[in-house]
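Here is the structure we will look at.
The values are calculated or read from the model by the stated rules, or taken from the named source; none is laboratory data. Note that this is a predicted model, so its numbers are computed, not measured. Virtual Cβ from ideal backbone geometry, glycine too; neighbours counted across all protein chains shown.
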Amino acid sequence: MSSINPFEEGDEVGGASSGKAGECRLCAVLDRIVQSSGALLLIVLCSPLFLILAGVVYLADRRPILYVGARLGRFKKPFQMFKFRSLVHEAETWIGGNILNKRMAKEMQLEHRYGRFLRDTRLDELPQLINVLRGDMDFVGPRPIRPEVYEKHGKQVKNFDTRFRVRPGLLGPSQVFTAHVAPPRLRAHIDNRFVRRKTSAWSDLGFVLYVFSVLTRNLFVHVMRYTLQAYCTRRAGGGFWDRRRSARVHQDGTSMQICSVLARDFKTYIAHSQSEWQGPYRVVDISNEAMLIESKRPITEQALDMRLVKNVALRGHIPRHRVCYVRGQVKFLKQGEHFADRYYYVIEYEAISPLNHYKLHQYFLDESVA
């Protein structure tokens, strides 16, 4: 497949007299039948859920229930993609060619009342089964991209257009395995590897089942969390929801170290010796704006250069470390009520570079699907 020009569709099916071309056309027809049949079956089975989600959107922000937006499909052919609307009216006009993330959605107040829940659980994507049925999309493939995003970001990434050799997917490899704020070059690399290996719908079945199991688990977790938040909001008489708008992620095995010599750039951090790092301090939890730190001794500085270290186990349970560099500001201190020798600091922070921004969301905020 790698030798095919992705924008010369005639070449892809050229040589009609050859047996190989005939087999390719037959495989393509069978693949489309499998994709459409699977989409139709899921639409019928999920029809009660469709009605429930339509009611949720209507109660949150009235009509329209569905968002219909232009996307680039195979060979850059435009099509209309369907989603349950999770953003307020005119949100797309405000977003423009930017890539929407959680922080932007919060700061610009783009999501309606239940928009965050729909986006976190990926339930807003269900109407794209209609696109699969129509032949605009497949179950698995690079996620469809808006023309504005392609013009602003896609054209700047090497080999980005490889994604247009196949139909976009309801489930995207880069969408599943990276955070939404991942650099476009990294996401394109993951999608391109999938494009080169894609054969048929049957070859994608294992990936679909895996993602379905992960999404089912995530749905249960999010339902429990949002139910708890709603309960606490009623008991507290309001205000709790706003304070917890940025969900905190509990950290196991994550520590923080403070650099005693303030750095000017990323290379300076690398040059520091281990003796110039104070700590470690335990990271209790973290959001995309602040973190809660537990310390056995007071932290005297207000402005901090920090290194986050998370212990993870990869294949074969071999221990590995994920490291992220951030700058922070101590907001306030709360001495432990149950342990007199403990101090708890809330520290607002930001990553020092785009790469560290990606690491933060991928490994510490757990924003990827899997």
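Remarks
- Among the residues of the range 306-319, those that are surrounded by 11 or more Cβ atoms within 10 Å (Cβ to Cβ) and either in contact with a Gly (Cβ under 7 Å, 6 or more places away or on another chain) or at pLDDT below 90 (or both) comprise Met306, Lys310, Asn311, Val312.
- Residue pairs whose Cβ atoms lie under 9 Å apart, separated by 6 or more positions or on different chains, with the first residue in the range 37-51 and outside the structural domain of Arg122 (by TED's automatic domain parsing) and part of a helix (DSSP H, G or I) and the second among the polar types (S, T, N, Q) and modelled with pLDDT under 95, do not occur.
- The range 162-183: number of residues that are assigned to a helix (DSSP H, G or I) and surrounded by fewer than 17 Cβ atoms within 10 Å (Cβ to Cβ): 1
- Residues (crowded, with 17+ Cβ neighbours inside 10 Å and more than 9 Å from Arg248 (Cα to Cα)) located in the range 283-296: Val283, Leu292, Ile293, Ser295
- Annotation note: of Glu90, Glu111, the sole residue that is in contact with a helix residue (DSSP H, G or I) (Cβ under 6 Å, 6 or more places away or on another chain) and either under 15 Å from Pro64 (Cα atoms) or surrounded by fewer than 19 Cβ atoms within 10 Å (Cβ to Cβ) (or both) is Glu111.
- Check on Arg225, at pLDDT below 80 and either in contact with an Asp or Glu (Cβ under 7 Å, 6 or more places away or on another chain) or surrounded by fewer than 12 Cβ atoms within 10 Å (Cβ to Cβ) (or both): no
- Listed by first and then second residue, the pairs linking a residue in the range 107-118 that is small (Gly, Ala, Ser) to a residue that is surrounded by 20 or more Cβ atoms within 10 Å (Cβ to Cβ) and part of a loop (DSSP other than H, G, I, E, B), with Cβ atoms under 9 Å apart and 6 or more places separating them unless they lie on different chains, are Gly115/Arg85; Gly115/Ser86.
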